[in-house]
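Nothing in this text is a laboratory measurement; each read-out follows from the coordinates by a stated rule. Here the structure is a predicted model, which means the values were calculated and not measured. Because the Cβ atoms are built from the backbone with ideal geometry, glycine has one as well, and the counts that use them run over all protein chains shown.
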Amino acid sequence: MVGLDGSPSGLTALEFALDEAALRLGAVTALCCWTDCGSSSWPDPLPFVDSNALRRGAEDRFREVVTRLADRRPDVPVITEFVPERPQRALLAAAEDAALLVLGNRGNESRPRLLLGPVTQSALAEAGCPVAVTPATVLRPRTPLDRA
């Protein structure tokens, strides 16, 4: 299970989840949570916003990005889920039966000074499965083939 919000660390998390699933002959479920910024439950609803069009656009973009990255690992089955829920609750519920939950260290709504965002902090404290946290960029060791 991997949580995505489109942030650089979230995309790195998806790449990591795909690599781990390939090693374990497993599958990946990519989950994106949507909060409607035009609804009355949003702290400051945006006026004149077509919430349905925004959601469709976000969901299409999410599926497009997941498909593009998953194409690099055709041996790994990938399921996408786009849910209208807050990420803390949705990720914890979706990861109940997961072998591993993979998240980026900070998402789009996190302050740059935070080492870990609130969703990642919640998952580390409450998830019922192991949690892997990836930074925005992963330092990969150099190999002799890299010296060209």
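Express in nm, to one decimal, how much length is gained between residue 86 and residue 129 on full extension, taking 0.36 nm for each residue of separation and deducting their alpha carbon distance.
13.5 nm
If I model a spin label as a point 7 Å beyond the Cα along the Cα-Cβ vector, how far apart are those points for residue 93 and residue 53 in nm?
3.0 nm
When Lys and Arg each count +1 and Asp and Glu each count -1, what net charge do the other residues less than 15 Å away from residue 93, Cβ to Cβ, add up to?
Taking every Cβ under 15 Å from that of residue 93, the sum is -3.
Residue by residue through the stretch 88-95, what is 3J(HN,Hα) from phi via Karplus (6.51 cos²θ - 1.76 cosθ + 1.60, θ = phi - 60°)? Round to whole Hz and write x for glycine and proline.
4, 5, 5, 5, 5, 5, 5, 8
Between residue 71 and residue 116, 0.36 nm times their residue separation minus their Cα-Cα distance comes to what?
Once the chain is fully extended between residue 71 and residue 116, it gains 13.3 nm.
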